[in-house]
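Enquirer: I have a structure I would like to understand better, so I am pasting it below and will then ask my questions one at a time.
The values are calculated or read from the model by the stated rules, or taken from the named source; none is laboratory data. Nothing here was measured: the structure is a model prediction, and the numbers come from that model. Quick reminder, even Gly has a Cβ in these numbers, built from the backbone with ideal geometry, and neighbours come from all protein chains shown.
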Amino acid sequence: METNYQENILSLIAKNLNGTADLEEVFQLNIWLESSEENRKYYEQVKNIWDVSDNRMNYANIDESKALKDTLRRIKPAPVRETFWFMWQRVAAILIIPLLIGSLFLIRTIPLSQKNSASEVVYNEVHAAFGTRSQLRLSDSSIVWLNSGSTLRYPVKFDNNQRKVFLVGEAYFEVESGESKPFIVETPTLQIKATGTTFNVQEYCANPVSEVTLLSGKITVNTGNNLNSSEDNLSISELKPNQFLTYNRETREKHIINENVLRYVAWKDGKLVFRNDPLEKVLAKLSLMFNVEIDLQGDQLKNYRYHATFQDESLEEILKLLRLSAPLNFREVKRSPLPDGSFPKKKVIVFFDKPR
C-alpha cells in the first residue's frame, strides 16, 4: 500500500469533514465510496477518529498535514484498490485526444478494483467533447444523450438492487420502467431518482445553477451525499411532467416553472432554443456549449432579449446572427502560450457597437 495513496484518500476525507472540499473533490470521494463497502467502512473509521479528536472543534485553524499524520497512526491502511486518482488521470489523458468527427465520443472501461472478482463492478466512462453530443444505450436498454463537455460514468451491467450512473455536465435520459429497481443519476451535488421516465439533468461545475427537466413520468430530486451528515439527501422537489427546476447550489434557492419544456431538451437534436432570453443568458449557454470564455462588456446589452433557434451552427456563425438584431460586435482575444507551452481557453469579447 503506497503511503501517498492513503494520504490522498485521507486528504479528501479531511476536506469533506471540515467543509472545505470543492464540488469535484466531493464527487471524487463519492466515487471512491461507491466502489466498495470496504471503502465505506474505512471512511466511517476515519470519521469516528476525526469526531473524537480536536480536529472537529477547530476546523478554521486545522493543520491538515498534522491531522493526517495523527489519523494515519491511529487507523489501519486504506483498502488496497485502484485509486480514483489513477482512474481520473487516465480519463484526463483520454480527454485531450482530438475528436475529428462531431458524433464520436470516448469510452473508457474502468474496473473499481484490481481484483478479478465477479462481485466487483466495472464501469464505462463516456465523454462528449465540447461542440459535440453523443448517444448511448445502457445495459437495461435505457437511452442517454450526452451533451457537449459532459461525462457519464455507468456500470457495464447494473446490479440487482438499483441502476446508478454518475454525471458531470448535461444528459437526456429515456429510462426503462422498473419500479422495484429505481434509476438514479448522481451529479456532484444532486441525486435524481426515476422509474420509467424521460428527463434531462444539467450540472456543469462552472455554473452554480443546476437544472432538471421532466417530460414524462415522475422523478424526485434530492441533494446528493455530500458527506455532511446533517445535510445528506435533503429533498428538493418531486417533479411532474412539463416542469423545469433550477437549483442554485450556492444559495440553495429553487424555482419550478410549469411550461412546455421541449426547448430545454432541444440540444439533443442539435438545436439551441431561446425564448425571450436575455443576451447574458444566451452567451452563458454558448460559453458552456463551446468551452469558450465570453466576456460581455458594459450594461447596454444586458437587456436585449432573443427569440431564436440555432441548429448545428458554429460559435462564430451564432454570434454573427446575434449581431443582426442587436447593436453588438465581438472579437476574439489573441492567445499566447503559457509558460508550460499550453494555450489558455479561447476568449471572445462581446461589446456594444453603436449603430452607424
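Enquirer: Could you tell me which residue of the stretch 132-172 is modelled with the highest pLDDT, considering only residues that are touching a Phe, Trp or Tyr at 6+ places or on another chain (Cβ under 6 Å) and at positive phi?
Expert: Per the criteria, the residue is 169.
Enquirer: Has the stretch 328-335 got any residue that is part of a strand (DSSP E or B), out of contact with any Gly (no Cβ under 7 Å at 6 or more places or on another chain) and among the polar types (S, T, N, Q)?
Expert: Yes; the residues of the stretch 328-335 include at least one that is part of a strand (DSSP E or B), out of contact with any Gly (no Cβ under 7 Å at 6 or more places or on another chain) and among the polar types (S, T, N, Q).
Residues checked against (1) of a type outside the set (Val, Ile, Thr); (2) in the same structural domain as residue 190 (by TED's automatic domain parsing); (3) within 23 Å of residue 147 (Cα to Cα):
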site	(1), (2), (3)
250	yes, yes, no
274	yes, no, yes
277	yes, no, yes
288	yes, no, yes
299	yes, no, no
307	yes, no, yes
316	yes, no, yes
337	yes, no, no
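Enquirer: Could you tell me whether the stretch 332-344 includes any residue that is in contact with a helix residue (DSSP H, G or I) (Cβ under 8 Å, 6 or more places away or on another chain), modelled with pLDDT under 90 and of a type in the set (A, V, I, L, M)?
Expert: So far as the stretch 332-344 goes, no, none of its residues is in contact with a helix residue (DSSP H, G or I) (Cβ under 8 Å, 6 or more places away or on another chain), modelled with pLDDT under 90 and of a type in the set (A, V, I, L, M).
Enquirer: Among what's in the stretch 225-243 and is crowded, with 16+ Cβ neighbours inside 10 Å and among the aliphatic types (A, V, I, L, M), pick the residue that is modelled with the highest pLDDT.
Expert: The extreme case among them is 239.
Enquirer: Confirm whether residue 247 is modelled with pLDDT of 90 or more and more than 16 Å from residue 285 (Cβ to Cβ).
Expert: In short, yes.
Enquirer: Just for the stretch 189-206: of the residues that are touching a Lys or Arg at 6+ places or on another chain (Cβ under 9 Å) and within 21 Å of residue 127 (Cβ to Cβ), which one is surrounded by the most Cβ atoms within 10 Å (Cβ to Cβ)?
Expert: 203
Enquirer: Check whether at least one residue in the stretch 257-264 is within 30 Å of residue 329 (Cβ to Cβ) and either surrounded by 15 or more Cβ atoms within 10 Å (Cβ to Cβ) or not assigned by TED's automatic domain parsing to the domain that holds residue 214 (or both), and report yes or no.
Expert: yes
Enquirer: Outside any helix (DSSP H, G or I), within 30 Å of residue 241 (Cβ to Cβ) and outside the structural domain of residue 214 (by TED's automatic domain parsing): is that true of residue 343 in this structure?
Expert: No, not satisfied.
Enquirer: Conditions first: (1) of a type in the set (Lys, Arg); (2) free of Cβ contacts under 8 Å to residues at least 60 places away in the same chain; (3) more than 22 Å from residue 132 (Cβ to Cβ). Residue 249 passes all but one, so which condition is the exception?
Expert: For residue 249, the failing item is (2).
Enquirer: If you don't mind, there's one more thing I want to ask. Return the total of residues in the stretch 287-306 being at pLDDT below 90 and farther than 16 Å from residue 351 by Cα.
Expert: The qualifying residues number 4.
Enquirer: Taking residue 268 as meeting all but one of (1) over 24 Å from residue 25 (Cα atoms); (2) assigned to a strand (DSSP E or B), write down the number of the exception.
Expert: Failed condition: (2).
Enquirer: Additional query: Output the number of residues of the stretch 280-294 satisfying the condition of being touching a residue at least 60 places away in the same chain (Cβ under 8 Å) and not small (Gly, Ala, Ser).
Expert: 5
Enquirer: Another one. Regarding residue 170, is this residue within 19 Å of residue 269 (Cα to Cα), among the acidic types (Asp, Glu) and over 12 Å from the mean Cα position of the chain (by Cα)?
Expert: no
So that you can scan it fast, the table gives a plain yes or no per residue for (1) buried (at least 22 other Cβ atoms within 10 Å of the Cβ); (2) within 21 Å of residue 255 (Cβ to Cβ); (3) not assigned by TED's automatic domain parsing to the domain that holds residue 25:
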site: 122; (1), (2), (3): no, no, yes
site: 128; (1), (2), (3): yes, no, yes
site: 132; (1), (2), (3): no, no, yes
site: 145; (1), (2), (3): no, no, yes
site: 148; (1), (2), (3): no, no, yes
site: 180; (1), (2), (3): no, no, yes
site: 187; (1), (2), (3): yes, yes, yes
site: 211; (1), (2), (3): no, yes, yes
site: 223; (1), (2), (3): no, yes, yes
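Enquirer: Quick check on the stretch 325-356: of everything there that is of a type in the set (Lys, Arg) and within 27 Å of the chain's Cα centre (by Cα), which residue is surrounded by the fewest Cβ atoms within 10 Å (Cβ to Cβ)?
Expert: Filtering first and then ranking leaves 345.
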